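Read through the structure below, which is laid out as structure tokens, and then see the notes.
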Amino acid sequence: MVSSNLHYDALSPELQKQILDDRRSGWVSPWRCPDDAALRRDPARDAATLWRPAFVRDVEKVLHSPYYNRYTDKTQVFSFYRNDDITRRALHVQLVSRIARNIGVALGLNPDLIEAVALGHDLGHTPFGHAGEEYLSSLLYHETGRRFNHNVHSVRVLDKLFYRNLSLQALDGILCHNGEFIHQGYKPAYRTDYSFSEFDRLVKACDRDESVIPGLVSNTLEGCVVRVSDMVAYLGKDRQDARRARLLQGDEPFSAERIGLENAEIINNVTVNLIENSYGKDSLRLDEKIVDEIRTAKQENYDLIYQNEKVASVYAENIQPMFEAVYYRLLDDLISDQRDSWVYRHHVYFVNNNRRYYIDTGDPANDYLTEEPNQIVTDYIASMTDDYFVDLYHFLFPDGKYGIRYVSYFDDER
């Protein structure tokens, strides 16, 4: 059962008074990224207006991305459950956005830039969550020597696959969002000479060597807020979902004291600590005790949830070989120019059609088919929802021996 001994920290009275006084005087953080700082590859397009400021335009570009709808059927953690109460990736990005906006507003930052980064940060995620990411990365590496990482691919979706002229600040925050790495402090690079050419070099470096990714630092404080909020959003929610999936019973040996054990506690207490330590400063800070407990909580989630045998075995025994079979079948279809293949009908033509709004698709150099076949297959698989991937596997391999038995709404798992 869930503990009834919940505790919720509050901002100190002194800081609350200071924030209220600062708001009355119109104060904003001197480290806030202003709308007029937005940089675009094509500055002649997407000019800010009174009712659509620069970063609001980025938010809307993400929302209207051809792949945004697909968040709805992409796994957050639990893939094999017919349960509408378990988080999908669509809800996760909304939670990240809400938490990050709350923090950003309290710190006097730009909530529109925060929202753009938060809503776009997982657009490059594969079906079946981090397991799918690992399998796709392994296949791509075997064929090309390059790795697949969802943060880098999220940038590719918005900046290359469907070029949408997003701001450098939004793309930078998306690239640097990886919430798997916890630190006590997050200080932006604040490079005044940061340019798209430098950003492109950084993206290429991540493609060549994924060890670059843990060292990524956003150039804006808004990007750093999203990075921390990503962790805050999933840490307790994954526990909540694990109970709904009956993987946990509520009496597991979770050990946190300061951040709490439940989702609502974790969100509140980490947020309060972050604001208390970061207000009026040029960086984000957390108490050392809070950081230690987040590390411990992440490890406990890993041991009790992510590596739970009921989940891990299905991935290894079914999803991984399905990824391999689908990958090489689609690659063969591309190389042999099978124009009736689904890689053309549902992907190549879809990409080219959606590129025409910003790219001259009449120019042969802009034809998506000029890209390397493994990249096209990777783009296609990464774009898939969980159900689409499973249906495609069974369509391509009607006698295939792999499959998934979903836990239905009516299965008695008690």
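The residues of the stretch 165-186 that are more than 16 Å from Asp209 (Cα to Cα) and modelled with pLDDT under 95, listed by number, are His177, Gly179, Glu180, Phe181, Ile182, His183, Gln184, Gly185, Tyr186.
The listed residues are Tyr393, Tyr328, Tyr409, Tyr357, and the only one of them that is aromatic (Phe, Trp, Tyr), over 21 Å from Leu123 (Cα atoms) and not in a helix (DSSP H, G or I) turns out to be Tyr409.
Select from the stretch 211-263 the residues that are among the small types (Gly, Ala, Ser) and over 19 Å from the mean Cα position of the chain (by Cα) and write down the one among them that is nearest to Asp35 (Cα to Cα).
Filtering the stretch 211-263 for residues that are among the small types (Gly, Ala, Ser) and over 19 Å from the mean Cα position of the chain (by Cα), the one nearest to Asp35 (Cα to Cα) comes out as Gly260.
Select from the stretch 303-352 the residues that are aromatic (Phe, Trp, Tyr) and surrounded by fewer than 19 Cβ atoms within 10 Å (Cβ to Cβ) and list them in ascending order. Hits for the stretch 303-352 are Tyr306, Tyr328, Trp342, Tyr349, Phe350.
Given the options Tyr190, Tyr234, Tyr141, Tyr163, name the one that is at positive phi and either buried (at least 16 other Cβ atoms within 10 Å of the Cβ) or among the hydroxyl-bearing types (Ser, Thr, Tyr) (or both). Spell out the reasoning first.
Values: Tyr234 fails: at positive phi; Tyr141 fails: at positive phi; Tyr163 fails: at positive phi.
Among Tyr190, Tyr234, Tyr141, Tyr163, only Tyr190 is at positive phi and either buried (at least 16 other Cβ atoms within 10 Å of the Cβ) or among the hydroxyl-bearing types (Ser, Thr, Tyr) (or both).
Within the stretch 138-149, the set of residues being in contact (Cβ under 8 Å) with a residue 40 or more places away in the chain and part of a helix (DSSP H, G or I) comprises Leu139, Leu140, Glu143, Thr144. Out of Asn273, Asn301, Asn277, Asn318, one residue alone is outside the structural domain of Trp31 (by TED's automatic domain parsing) and closer than 30 Å to Ala233 by Cβ. It is Asn318. Within the stretch 291-302, residues that are among the polar types (S, T, N, Q) sit with their Cβ atoms under 8 Å from residues that are in a helix (DSSP H, G or I) and surrounded by 14 or more Cβ atoms within 10 Å (Cβ to Cβ), at 6+ positions apart or across chains, in these pairs: Asn301/Leu235; Asn301/Asp238; Asn301/Arg239.
Taking the criterion of being surrounded by fewer than 17 Cβ atoms within 10 Å (Cβ to Cβ), closer than 30 Å to Asn5 by Cβ and hydrophobic (A, V, I, L, M, F, W, C), would at least one residue in the stretch 238-250 satisfy it? The answer is no; no qualifying residue exists. Scanning the stretch 86-100 for residues that are farther than 30 Å from Lys310 by Cβ and surrounded by fewer than 21 Cβ atoms within 10 Å (Cβ to Cβ) yields a count of 1.
Per-residue answers, yes or no, for (1) touching a Lys or Arg at 6+ places or on another chain (Cβ under 9 Å); (2) in contact (Cβ under 8 Å) with a residue 60 or more places away in the chain:
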{"position": "Glu14", "(1), (2)": "no, no"}
{"position": "Gln18", "(1), (2)": "no, yes"}
{"position": "Asp22", "(1), (2)": "no, yes"}
{"position": "Arg40", "(1), (2)": "no, yes"}
{"position": "Arg45", "(1), (2)": "no, yes"}
{"position": "Ser65", "(1), (2)": "yes, yes"}
{"position": "Tyr68", "(1), (2)": "no, no"}
{"position": "Asp73", "(1), (2)": "yes, yes"}
{"position": "Asp84", "(1), (2)": "no, no"}
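Residues of the stretch 62-85 that are under 20 Å from Ala233 (Cα atoms) and either modelled with pLDDT under 90 or surrounded by 21 or more Cβ atoms within 10 Å (Cβ to Cβ) (or both): Val62, Tyr71, Lys74, Thr75, Gln76, Val77, Phe78, Ser79, Asn83, Asp84, Asp85. Taken together, the criteria place Asp73 among residues that are under 16 Å from the mean Cα position of the chain (by Cα) and outside the structural domain of Arg356 (by TED's automatic domain parsing). Every residue in the stretch 25-83 that is over 30 Å from Thr385 (Cβ atoms) and assigned to a helix (DSSP H, G or I), please. Listed by number, the residues that qualify are Asp35, Asp36, Ala37, Ala54. Only a single criterion out of (1) within 14 Å of the chain's Cα centre (by Cα); (2) surrounded by 15 or more Cβ atoms within 10 Å (Cβ to Cβ) is not satisfied by Phe181, namely (2).
For the stretch 360-372, give me each residue that is surrounded by fewer than 17 Cβ atoms within 10 Å (Cβ to Cβ) and assigned to a helix (DSSP H, G or I). Steps first, please.
Taking the stretch 360-372 first, the residues surrounded by fewer than 17 Cβ atoms within 10 Å (Cβ to Cβ) are 360-367, 369-372.
Result: Pro364, Ala365, Asn366, Leu369, Thr370.
Leu202 satisfies every condition listed in (1) part of a loop (DSSP other than H, G, I, E, B); (2) farther than 18 Å from Leu109 by Cβ except (1).
The values are calculated or read from the model by the stated rules, or taken from the named source; none is laboratory data. Here the structure is a predicted model, which is why all the values come from computation and not from measurement. Virtual Cβ from ideal backbone geometry, glycine too; neighbours counted across all protein chains shown.
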